Each structure stands twice: as C-alpha cells, then as structure tokens.
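Nothing in this text is a laboratory measurement; each read-out follows from the coordinates by a stated rule. As the structure is a computational prediction, the values presented were derived from the model and not from experiment. When we count neighbours, we look across all protein chains shown, and the Cβ atoms used for this are built from the backbone with ideal geometry, even at glycine.
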Amino acid sequence: MKKNKNLNYISPLGYVAKISKWVVLLTYTLIATFPLLWLTISSFKTNFEIETSPFSLPQKWMVENFVSALSVSGLSRYFLNSIIVAVVATILNLFVTSLASFAVARERFPLRGVFFTFSTAGVLIPIIAFMVPYYTVITRLGLYDSLIGLIVTYSAINIPISMFIVSSFMTSIPKELEDSAEIDGCSFWQRYSKIVFPLAKPGIVTAGTFSFIYCWNEFIYALLLTSSRSARTVQLAIRFFTSQFRTDYAGLYAAIVLTMLPTVAVYMFMHDKIISGMTAGAVKG
Amino acid sequence: MAHYSTRNKKNLKYIILFIMPVTVLLLAFYVYPIFSILVLSFTKWNGIEPLSFIGIKNFIEVFTDTVFRTSIKNNLIWAFSAAMLQIPLATLIALILAREVKGWKTFRTLFFLPNVISLVALAMLWKAMYNPEFGVLNSFLTIIGLESLARNWLGELATALPAVIISYQIYIGYFMVIILAGAMSIPSSLYEASKIDGANVWQQERFITIPSIRGVLVTAGTLAVAYALRQFETTFLLTAGGPANRTPVLGLYMYRQMAGFHYGVAATTGILMIVLGILVTTGLQRVFGKSDAASDSFQ
C-alpha cells in the first residue's frame, strides 16, 4: 500500500534511492548472515582447507567433523544438561506465571495493579548486577553446581517477561466463557486449567519460546553457578572447546554449529511468533 | 454487585495460592538481591568471614581504581555506539522494509536470526574470524591486496575495543524488528493523502514516518543503551578485558571482583551499574521524550 507504484517518471534521484536501497539491504544481509554461513560451511571442511582456502566450499563435505566433535568433547553430556535445564526451567516458569497471570488477568483482588507492576518491573533490571546474591543464595540452598540450581534461577529470571506476555494474552480472552462455566459448577482451578489455560496457549507458547531460547543461550549464571561436567551447559562447553580442540578448528566449528541448532530450529518454526511477541512488548499496537 | 464481593472473598484464598509461587521466586531472585547488594556495597566480605561494615570505602575504592573508570568509560562508548550506530542503522533498514520491498519478510527473518544465537557461539566465531594467523578477516584483506591492514585485531590497543563492539553489531536485527513494527502500524491513509499533496518518498519519511515512530525509536534507543550498559559475554570471551586492561566493562569488572572474593566491591559495582542504567535511560527519555514503554500498554 505504501509502494510508489504509479509514478510514471522516475527522477535520477529516484534511481539513486532505489539502487542504494538494495545496496543497504544486501550489505546488511551479508553482515547478518555471512559469519553464520561461513561457520556452517567451514564446519564441513578439513582443517587444511580452513587454513588454505577459507572462502571456498568444501571439496568433500566432512560429516565426520560432527561425529568427532561429539566424541572428543563429550558434548553429548553438556547437550543433555542444557536440554534438561532449558525444558524444565521453561515448564516451571510457565506453570507459575500462568497461575499468577490467571489471577491478575481474570480476577479482582486488592493490590492487583501493584502485584502486576511488581511481577513485571524486573525486565528493567540488569540481572547481571545480581552475581553476588545469586551465587550466595544458590550456594546456601545447597544447589551450587546442580541442574536444579540453574533451573530455579532461570525460571525466576524469566518471570517478568512471561508474566507480561501471558497475562496480556489472558486479559484478551472473553469473560463470557468463564462465566457460563462457573454457572455450570466449574471450580476456580477448573476455570484456570480447563478454560483459560487452553485458550491462552498461543501466548504461553510465545512466552515458552522466549524462555527456552534464553535458557539455552544463558552464559553468565551457568558460569557462576556450576563447576563440573555434571551441571555445565553447552554454552560453557563451547568456551572450553577452544582449549580442548587446540588446532582442530573443523571440530570446534562443528561443535559450535551443533550448539546453535536447537534455537535456530525453534526460530525456523516460530519466527513469526517470536518477532510478533518481541514487538508486542515494545510497541503499542 | 453483592454477588461479586462474596464471590471474590471466596476466591481470595485461591488467588493468594495462585500468586504465591511467583511472589516467592520474585522475592528470592529480584527483591532480596537488590537489598542484598545494597547492604553488601557498604561492607567488606569475602564470603567466609563475617562481613564488616566499612561505610563508603568500596565506592571510594572503585572510583579511584583506573580499571573501574576504564570500564565505565567503555560502557559509555558501548552505549554511544548503540545510540549512534545500532539505532540509526536499524532505523534505516526498518524504513526500507516498511515500504514492503520485495521479500521484506524474508529479510526481516534473516536479520533477526542472529538474535536467537548465543553470545558465546557468536563470540567464538568472531574470535576465529579475528584470529591474527588464519582468521578470515586478515585472509580477506590479503586477497584484496590490503595485506598491510592485516593485524592482530583483538590484541592491539587501538583496534581491540572497536573490534569487540563491531562484533556485537550482528544483533541489530532486534531493534530493526521493533522499529519496523512501529513503522508498519502507521495508517497507510497518511501516506496516500500525502502523495495526493505531492510529497515524495523522502518527505513522507521525514514528515510522516519519523514523527509517528518517535516513541518507538525512544524505546529501541533506551533498550539498546540499557543492553550496552550490561555487556559481559562478548568482552569476556573476546578479550577478557585485555590488551593492557583497555576493554573491560562493568560486568567484567564485577566478575573479576567476585572471582577474587571481593564480594563487597562486586556488590558496589552492581549497584553502580543499576544506578548508571537508571540515570542514562531516564536522561534519554528526558531529552527525547517518553517511550512507548512495555508496561504502558497493560490495562
């Protein structure tokens, strides 16, 4: 609709604008995608090829790199840790925030507005500033170097953003359904579990996607709250790969590609939801 | 309405039960930490011995520490680059895509892609690309005949900080998406009317788009600056603060203090990071007007 279709005469300036428009777009496409593309292609090369012809396609696509990445580094254990942490933390986060969102969005109670502000204000705080208290709390609870420690921490960190997404979604569900269900004898819990939760699924899925990506990619608190293989996540593993692989760049790149796969896969299926969820929070429709 | 109040009274215990888990977690992971670092910032504590109150000594210590001052300066450089590089570039791209150029959705999806990839993976990737011996950047310069420009990007004083900051620009897509959503929510009737009045593309952008997305631009700018002030991973992994302590940021300074068991100083750094964030972002909103903040749209 905003296209300037019916201009018969295109001025020289118009041509310049048109060309520079595409130059900007293609240049930025290169900036945004080249590093990832280069990494992915390099992960299929031999080390010799990476050094001698960094910009060519591999002579032979070395799938073996991925096999050796998994076996050399013990990556599979870190993968398992990351999956457990990201999935369980996300489920826990969605469970508690959907309960609270239900109360905020569907019920009236004293200090409701205060509670909502309290539960979402955390998005403004740089979580990194809490290094000392997180470390001491987790240590005192005896959760240092455990998956549970990371799970609790991540699910708590993500409460403000999830509360925002899930409660605004629940607010938009029409009240009538619930009212008639209540007349039919639906209890408080059933109104949550049988009516509002299922109807809020799109919002809950969006919040869960954000949570999963956050948990999978988180680095600082994984670094601070774990110390051994039994609890470390893939993000820490990548960091230590550098010393493990030493000169095996192909193996290192293959390992990094493997750690990116889960979030890229989620993005491939959910990009519209992720982008609209992201902008709904920041832009007033 | 009497019906409602009795119903609410009956429900109140369920409501309390429903908001309890979130409340407990927020108290433990948001409220307690704020008070904790506030108190700890006035103490000397190594995590084992009982803590002792030392007044404002930590604050004096950090402000007289050149590494801390470098860190604040670097954070402000990061913030400046966010405001002067990320936001203008994101706006430019968003305005082009908002005109629904061919394949705009694909571009949007591609540009946002790096944002779902971890800072660690991208930092390791950049580290490999900046590598002085067989990094792609130097190879590329050699191929196009500019071998003299090839250098140890992350190891030299002059290029280390710019190299780290540039590596972060791959995340611009985040702000682009926010600005794009703002620009696309402008009613197309405004553009049609202006076209009848003979406005060209530049005039439309200048007099319709930019004023309409002012609030969104402030939001994106505030977010970009806020993120710049909480940097950690990129610096930690690319340079670890080197060479010669030229590149540290507050997050890294805090981490080093923690690693050295100076919990009081680390907490002080945390408090100052939060205060700096509040000062800079409210300052921005003072100057550029209110943002369409996330929490505004509820209720």
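Put a dot 7 Å past the Cα of A:Arg229, heading toward its Cβ, do the same for B:Asn152, and the two dots end up 3.4 nm apart.
Every helix of 4 or more DSSP H residues in the protein assembly as shown counts as -39500 (n - 2.57), and over all residues that averages to -21500 deg cm²/dmol at 222 nm. Using all pairs of distinct alpha-carbon atoms, the Kirkwood hydrodynamic radius of the stretch B:49-138 works out to 17.7 angstrom. Averaged over peptide B:181-190, the number of partner chain Cβ atoms lying within 10 Å of each residue's Cβ comes to 3. Computed over the protein assembly as shown, the alpha-carbon pair-distance distribution with 10 angstrom bins reads 3, 15, 25, 26, 19, 9, 3, 0, 0, each value a whole percent. Given R₀ = 41 Å, what would the calculated FRET efficiency be for A:Val67 paired with B:Ser189, taking r from the Cβ atoms and rounding to 0.05? That gives a FRET efficiency of 0.10.
Give me the extension gain from A:Leu141 to A:Lys18: residue separation times 0.36 nm, minus the current Cα-Cα distance, reported in nm with one decimal.
Stretched fully, the A:Leu141-A:Lys18 segment lengthens by 38.2 nm.
Remark: the Cα gyration tensor places the stretch B:189-297 in the prolate category, a/c being 1.5 or greater and a/b exceeding b/c. Taking the inverse of the mean 1/r over every pair of distinct Cα atoms in the stretch A:65-282 gives a Kirkwood hydrodynamic radius of 19.0 Å. As a rough footprinting exposure proxy, the listed residues B:Thr142, A:Thr263, A:Thr233, B:Thr219 were ranked by other beta carbons within 10 Å of their own, and the order from fewest upward is B:Thr142, A:Thr263, B:Thr219, A:Thr233. Scalar couplings 3J(HN,Hα) for the stretch A:183-188, obtained by applying the Karplus form with A = 6.51, B = -1.76, C = 1.60 to θ = phi - 60°, are 5, 6, x, 6, 7, 4 Hz; x denotes Gly and Pro.
Under 5 Å between amide hydrogens, built in the peptide plane, is the criterion, and for B:Thr43 it picks out B:Ile54 among residues at least 5 positions away or on other chains.
Under 20 Å from the 7 Å Cα→Cβ point of A:Ser56, by amide nitrogen: which residues of the stretch A:32-46? From the stretch A:32-46, the list is A:37-46. Per residue of A:189-198, other chain Cβ atoms within 10 Å of the residue Cβ number 1 on average. Of all alpha-carbon pairs in chain B, indicate the percentage at a distance above 26 angstrom. Counting every Cα pair in chain B, those more than 26 Å apart make up 61 percent. Take every Cα pair under 8 Å whose residues are at least 6 apart in sequence, average their separation, divide by the length of chain A, and the relative contact order is 29 percent. The GNM of chain B, with springs linking C-alpha atoms under 10 angstrom apart, assigns the highest mean-square fluctuation among B:Gln231, B:Gln204, B:Gln86 to B:Gln204. Charging the Cβ of each Asp and Glu at -1 and of each Lys and Arg at +1, and nothing else, the dipole of the stretch B:82-293 about its Cα centre rounds to 260 debye. 3J(HN,Hα) along the stretch B:44-60: 10, 8, 10, x, 10, 5, x, 7, 10, 6, 10, x, 9, 4, 4, 5, 4 Hz, from the Karplus curve 6.51 cos²θ - 1.76 cosθ + 1.60 with θ = phi - 60°, whole Hz, x for Gly and Pro.
Residue by residue, the stretch A:25-40 carries 3J(HN,Hα) couplings of 4, 6, 4, 5, 4, 4, 4, 6, 10, 4, x, 6, 5, 4, 4, 5 Hz when phi is fed to the Karplus relation 6.51 cos²θ - 1.76 cosθ + 1.60 (θ = phi - 60°); x denotes Gly or Pro.
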